[in-house]
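The values are calculated or read from the model by the stated rules, or taken from the named source; none is laboratory data. Model, not experiment: these values are computed from the prediction. Cβ placement follows ideal geometry from the backbone for every residue including glycine, while neighbour counts extend to all protein chains displayed. Areas reflect the complete protein model, heavy atoms only, side chains present, ligands, DNA and RNA absent. Shrake-Rupley method; radii C 1.70, N 1.55, O 1.52, S 1.80 Å.
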Amino acid sequence: MPVPPIHDFFRELDRAWESSGTGRIRLPIIGAGALLLQTSYQRLTKDSDVLQTAEIGDAVRHRLEVLAGKGSSLDRRHRLYLDLVQPGLPLLPQQPSWVPMPDLSAGLGHFFIEALHVVDVVVSKLKRF
């Protein structure tokens, strides 16, 4: 089975990341990025939203934006970029369901990827309508 392009994106980000000695950073992916990781969804947007957590402080956020944010070299190569979203901005259930991405995370040294469950992604989009 071919590797989804979003996997290539995260693998390249992982290779470019310089270790900070803090262990693996959890990247909780929401929105269309979560759908790309769990389904054969055809991407309509170009961003992959990351829900900002306590593990993603200002320094990590800045490094993620430089390496993989809008306009970065990863964005230009993959036509995909990270957009870090503040907690409380997306409409999420009180206890969102996170799905580990072990096949992707196993090949990463600096990140652990989790995706918002498909049902929770759909619910989070309802506010727009």
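Worth pointing out:
- Of all residues in segment 64-88, those satisfying the criterion of being at pLDDT 85 or above and either of a type in the set (Asp, Glu) or assigned to a strand (DSSP E or B) (or both) are Glu65, Asp75, Tyr81, Leu82, Asp83, Leu84.
- Whenever a residue of segment 9-37 is free of Cβ contacts under 8 Å to residues at least 40 places away in the same chain and farther than 15 Å from Leu74 by Cα, its partners that are buried (at least 19 other Cβ atoms within 10 Å of the Cβ) and among the aliphatic types (A, V, I, L, M), lying with C-beta atoms within less than 7 angstrom and at least six residues away or across chains, give the pairs Leu36/Ile6.
- Index of the failed condition, Leu91 passing every other in (1) within 15 Å of the chain's Cα centre (by Cα); (2) in a loop (DSSP other than H, G, I, E, B): (1)
- Residue within segment 41-63 that is among the acidic types (Asp, Glu), out of contact with any His (no Cβ under 9 Å at 6 or more places or on another chain), more than 21 Å from Val121 (Cα to Cα) and at pLDDT 90 or above present: no
- Look at segment 52-79: where a residue is within 21 Å of Glu114 (Cα to Cα) and acidic (Asp, Glu) and a partner is open to solvent by 30 Å² or more (accessible area, probe 1.4 Å) and at pLDDT 90 or above, sitting 6+ places away or on another chain with Cβ atoms under 6 Å, you get Glu55/Arg26.
- For segment 94-129, taking the residues that are part of a loop (DSSP other than H, G, I, E, B) and under 11 Å from Ile30 (Cβ atoms), the one that is modelled with the highest pLDDT is identified as His117.
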